[in-house]
1. If a residue must be closer than 11 Å to residue 310 by Cβ, outside any strand (DSSP E or B), within 21 Å of the chain's Cα centre (by Cα) and not β-branched (Val, Ile, Thr), how many such residues does segment 342-362 contain?
2. With (1) at pLDDT 90 or above; (2) within 23 Å of residue 148 (Cβ to Cβ); (3) open to solvent by less than 50 Å² (accessible area, probe 1.4 Å) as the list, and residue 273 as the residue in question, which single condition is left unmet?
3. Can you give me the number of residues within segment 240-264 that are within 22 Å of residue 279 (Cα to Cα) and either assigned to a helix (DSSP H, G or I) or not assigned by the TED database to the domain that holds residue 141 (or both)?
4. Residue 237: over 21 Å from the mean Cα position of the chain (by Cα), surrounded by 12 or more Cβ atoms within 10 Å (Cβ to Cβ), in a helix (DSSP H, G or I) and not acidic (Asp, Glu), yes or no?
5. Checking residue 262 against (1) closer than 30 Å to residue 357 by Cβ; (2) aliphatic (A, V, I, L, M); (3) touching a residue at least 60 places away in the same chain (Cβ under 8 Å): exactly one of these is not met. Which one?
6. Which condition from (1) among the acidic types (Asp, Glu); (2) open to solvent by less than 70 Å² (accessible area, probe 1.4 Å); (3) over 21 Å from the mean Cα position of the chain (by Cα) is the one that residue 145 breaks?
7. Please go through segment 240-254 and pick out each residue that is more than 26 Å from the chain's Cα centre (by Cα) and open to solvent by less than 30 Å² (accessible area, probe 1.4 Å).
8. Going through 120, 97, 102 one at a time, which residue ends up being free of Cβ contacts under 8 Å to residues at least 24 places away in the same chain and touching a helix residue (DSSP H, G or I) at 6+ places or on another chain (Cβ under 8 Å)?
Amino acid sequence: MTKVGKELLAELTGADTLGPFVSIMLNTHVAHQDVEKDQIKFKNFAKEAKKRFEKKYPAEDWNNYQTKLDAILADQSFWRSASKSVAVFVTAQDTWIHRLQIPIDDQYYVGDTPYVLGAIRNAQFNYTYYLLALNRDSMALYFVDNGQIHSVDLPEGAPVDVPTALGEEITGGNLNYRSQGGQNSAQEAAYHGVNAKDEEVEIDWKNYYQAVDTFLREDLDNAAGYPLYLFALPENQTMFKKYAKAPFFSTDAAVDSSPANISNGDWEKVIAEISKQLAEKEVAGYQKLLDKKFMDQLVDILPASKEGRVANLFIATSNLVDGFGEDPDTEYDRRQVLNTLVINTLKNGGEAHLLAQKDAPDEKSLTAILRY
C-alpha cells in the first residue's frame, strides 16, 4: 500500500476522528468542458448528501459540512489537479482529499464511518518506493508514491557521477571523462581516449557502485524503510548487487534497461513494470494464506471483523454492484456492508484488500483470513 494511502486510512479510522462522514467519489478530468461537468456533479452530490444527512442525523448541524463542500467547489486548484479520480471525506471538523489513480463509480455516502472502498482499491498493487536510475558512471534517485514519480534532491557531494564520487581515486589510466547532464538527468557519461586496462576500468566501476551504496546507507533519509529498486542495464544490476549492503535495497522488482536519456512519457511504463512484478509476487503470497483458518461467508465474517479476528480481508471487485433491499427507503447498499467490514478490519489492526477476483485467494469473491 502507498504511503499516502496508509496515512489517510489511519486518520479516517483513528479513534480521534468522529463522524458523521460525508464521502464523495468522483472521476475527474482536465478539459475545461469536462471540468464544468465534474463541478456540476459534485454540487448535485452535495445537495443529495444534505438531504440524506438531515434525514439520518436531524440533531446534527449541516452548516459546517456545507461550508467545507462549498470551499472545495470554489477551489480552482482542486479542479485543475490532474488525477483519474478523487475521494473527498468531510466531517464537521475536518476535510480529507485523496487523489486516486483509478477510475471509480461516481457516488456519495453519508454515514457514521467514511466510505473507503475507493481508497482501498486505489491502494491495491500501488506501491511506495525509491527507484535508483543507475548507469555505469552516473546515478539519479527517484521517489514513487501513489503512481507519481518525483526526483529526489540530492545533497552536494552525493555520488551522482564518477568524478564526484571518486575524485582522484580513479584508476583507469588516461581516462578522459566528460559528464553529460546534471545530477537528475540519469544520463550515461561518455568516455573517450581510454587506454587503461580492462581490470582498472572495472575497479572504478566497483568503487563507484560502492560509493553509491555507502551514500544510500549513510546519507539517505529513509527512516520508513521504503524499498529501493533498480532501473539499470542487466550488467549494471549484476555489478551493483555484488556490493550493495543497504538494508532496504530489494531485488523483488527491477527494470532491465538503460535510464539514459529517458523521456517523461517513459516513466509511466517504468512504474507500470515495477508494479507488475511486485503484484505478481503479492498475488502468489495471497494463495498461501488459505493454509490458515479462513471464512468466506458474509454472515460469518461480519461478527468476526467486529471482534478483531480478521487479519486479512479480501473483497473481489465483482461485489461492487448496487444492491438495495425490498425497501429502498432504508438506503441499504451492499457496498456499505462491505465498507463496514473494511472499517472493522482496519480499526482492529488488520489489512483489507479490494482486487479483481482472479487475483483473490482461490478466486473467492469474499475471504477473511483469521488470526484465531
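1. Quick first cut of segment 342-362, residues closer than 11 Å to residue 310 by Cβ only: 342, 344-352.
Applying the additional criterion that residues be outside any strand (DSSP E or B) yields 342, 344-350.
Applying the additional criterion that residues be within 21 Å of the chain's Cα centre (by Cα) yields 342, 345-347, 349-350.
Next cut, not β-branched (Val, Ile, Thr) only: 346-347, 349-350.
Count: 4.
2. Unmet for residue 273, out of (1) at pLDDT 90 or above; (2) within 23 Å of residue 148 (Cβ to Cβ); (3) open to solvent by less than 50 Å² (accessible area, probe 1.4 Å): (3).
3. Filtering segment 240-264 down to residues within 22 Å of residue 279 (Cα to Cα) leaves 247-257.
Checking which are either assigned to a helix (DSSP H, G or I) or not assigned by the TED database to the domain that holds residue 141 (or both) leaves us with none.
So the answer is 0.
4. yes
5. Answer for residue 262: the failing condition is (1).
6. (3)
7. Across segment 240-254, the qualifying residue is only 240.
8. Details: 120 fails: free of Cβ contacts under 8 Å to residues at least 24 places away in the same chain; 97 fails: free of Cβ contacts under 8 Å to residues at least 24 places away in the same chain.
So the residue among 120, 97, 102 that is free of Cβ contacts under 8 Å to residues at least 24 places away in the same chain and touching a helix residue (DSSP H, G or I) at 6+ places or on another chain (Cβ under 8 Å) is 102.
The values are calculated or read from the model by the stated rules, or taken from the named source; none is laboratory data. It should be emphasised that the depicted structure is a prediction, and the values quoted were computed from it without experimental measurement. Cβ: placed from backbone, ideal geometry, glycine included. Neighbour counts: every protein chain shown. Note: areas computed on protein heavy atoms with side chains; ligands, DNA, RNA excluded. Shrake-Rupley method; radii C 1.70, N 1.55, O 1.52, S 1.80 Å.
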